[in-house]
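The block underneath contains the structure these notes are about, expressed in structure tokens.
No lab work stands behind these numbers, since they all come straight from the coordinates. Keep in mind that this is a model prediction, so the values were computed, not measured. When we count neighbours, we look across all protein chains shown, and the Cβ atoms used for this are built from the backbone with ideal geometry, even at glycine.
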Amino acid sequence: MSKTLVQPVGQKRLTNVAVVRLKKHGSRFEIACYKNKVLSWRSRVEKDLDEVLQSHTVYSNVSKGVLAKSKDLVAAFGTDNQTDICLEILEKGELQVAGKERESQLSSQFRDIATIVMQKTVNPETQRPYTISMIERLMHEIHFAVDPGSSSKKQALEVIRELQKHFPIKRAPMRLRLTIPQPNKSSLMEKIDSWNSTVASRDESGNQFSIVCELEPSLFRDCDALVRNLQGRLDILAVNVHLDTDTHVDNYDDMENEPEPVQKDFPDNVSHLSEKLQSQDISSRAGSSQGDRKQQKCSTCDAFFGDAKQYREHFKSDWHKHNLRRKTRQLPPLTADECLADLELGDTKSDLKDYSF
């Protein structure tokens, strides 16, 4: 006769576990859920509670399998009914994210933001996009920190505005087809000229006048309103146009209305950017040939490097990455030895007490 194996109450499998925590009356209460179901439940997509909870059990510490005491449950919730309490924690509690998972998310979002910036901007002299590695280095230059609570696209637009204050970089134009009745041609062309838009082609056959032009994204809504008033039609051919004709089409429904910051006059235009980005390599080579090595400073780690190769390798080190994560939490940088000790201490923690959101 077969027997059903009973899982010990203290054993919790942490694969695909999302911990939801609620602090009440000075006590901490936690429940174990499935990661991919918590948000679905809160958005009312998921209806079955059993599909969200790993068990109808309230813990004081999920990772250690410590159950909450009945007297604490009654004091905090007025009942010891586990299912009712799980529902309240699921609705009002905070979803916890592990330290390493949070670091991975921040790193991934940083890359996503840099990619969007690369797609939406061009070198004003060559009309070609900067490389992703160059954009990331520029973002480090302005000390950009990822906000996990904000969308990547919104942050990318903020990064572009900030970069324009310091570097020669501008928004890639949109390519549009504007079609209006012939009698309204003069009104449209007058506005196109005032916007300094580039007209790629025009078609005046029949009763319709049509042009293909490249327009600054900040003027998109004004252009759309103008075409509607002229009883015409606007078609988006490409959201981002580069000189090599590579385009990246994405949603344009959140195009900003506000005008973009006025670009400053930069010495030597793009050459100034090149000099700034490659100054480490140039100064290192010049220092070696003249016997006067110039040190490079990492503003994140507050450390100096006399060799260009060491300086570049430093940005790939765990020391630099760890200090970047500390910067996002407004914490001071650590030295290399302090960082090593901090990382070793973090690896020995088996508890989930450093979960936070």
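Can you tell me which of 150, 201, 186, 218 is assigned to a loop (DSSP other than H, G, I, E, B) and polar (S, T, N, Q)? Reasoning before the result, please.
On the way: 201 fails: assigned to a loop (DSSP other than H, G, I, E, B); 186 fails: assigned to a loop (DSSP other than H, G, I, E, B); 218 fails: assigned to a loop (DSSP other than H, G, I, E, B).
Sole residue among the options that is assigned to a loop (DSSP other than H, G, I, E, B) and polar (S, T, N, Q): 150.
Give just the number: which of (1) loosely packed, with under 14 Cβ neighbours inside 10 Å; (2) under 30 Å from residue 230 (Cα atoms); (3) of a type outside the set (Val, Ile, Thr); (4) in contact with a Lys or Arg (Cβ under 8 Å, 6 or more places away or on another chain) does residue 143 not satisfy?
Among (1) loosely packed, with under 14 Cβ neighbours inside 10 Å; (2) under 30 Å from residue 230 (Cα atoms); (3) of a type outside the set (Val, Ile, Thr); (4) in contact with a Lys or Arg (Cβ under 8 Å, 6 or more places away or on another chain), the lone unmet condition for residue 143 is (2).
When you scan region 162-183, how many residues do you find that are within 31 Å of the chain's Cα centre (by Cα) and part of a helix (DSSP H, G or I)?
Total satisfying the criteria: 2.
Give me the pairs: first residue in region 230-242 and crowded, with 17+ Cβ neighbours inside 10 Å, second residue assigned to a loop (DSSP other than H, G, I, E, B) and of a type in the set (A, V, I, L, M, F, W, C), beta-carbon distance under 7 Å, and six or more apart or on different chains, which are they?
Hits for this filter: 238/249; 239/249; 240/172; 241/172; 242/172.
Name the one entry in 128, 177 that is loosely packed, with under 15 Cβ neighbours inside 10 Å, in contact with a strand residue (DSSP E or B) (Cβ under 7 Å, 6 or more places away or on another chain) and touching a residue at least 12 places away in the same chain (Cβ under 8 Å).
Only one candidate qualifies: 128.
Can you tell me how many residues within region 12-63 are loosely packed, with under 14 Cβ neighbours inside 10 Å and closer than 19 Å to residue 77 by Cβ?
Adding up the residues that qualify gives 3.
If you take the residues in region 204-215 that are assigned to a strand (DSSP E or B) and free of Cβ contacts under 8 Å to residues at least 40 places away in the same chain, which one is nearest to residue 171 (Cα to Cα)? Spell out the reasoning first.
In the first step, residues of region 204-215 are kept if they are assigned to a strand (DSSP E or B); the result is 208-215.
Subsequent filtering for residues that are free of Cβ contacts under 8 Å to residues at least 40 places away in the same chain retains 208-213.
Values: 208: 31, 209: 28, 210: 25, 211: 22, 212: 19, 213: 15 Å.
Here the residue is 213.
Among the residues of region 74-112, which ones are in a helix (DSSP H, G or I), within 18 Å of residue 56 (Cβ to Cβ) and within 37 Å of the chain's Cα centre (by Cα)? Steps first, answer last, please.
Taking region 74-112 first, the residues in a helix (DSSP H, G or I) are 74-77, 82-92, 99-112.
Adding the requirement that they be within 18 Å of residue 56 (Cβ to Cβ) leaves 74, 76-77, 82-92.
Passing the criteria: 83, 84, 85, 86, 87, 88, 89, 90, 91, 92.
Within region 39-58, identify whether any single residue is part of a loop (DSSP other than H, G, I, E, B) and farther than 23 Å from residue 16 by Cβ, and answer yes or no. Spell out how you get there, then give the answer.
Our first condition is that a residue be part of a loop (DSSP other than H, G, I, E, B); within region 39-58, this holds for 43-48, 52, 54-58.
Retained after the next criterion (residues that are farther than 23 Å from residue 16 by Cβ): none.
Checked region 39-58: no residue is part of a loop (DSSP other than H, G, I, E, B) and farther than 23 Å from residue 16 by Cβ.
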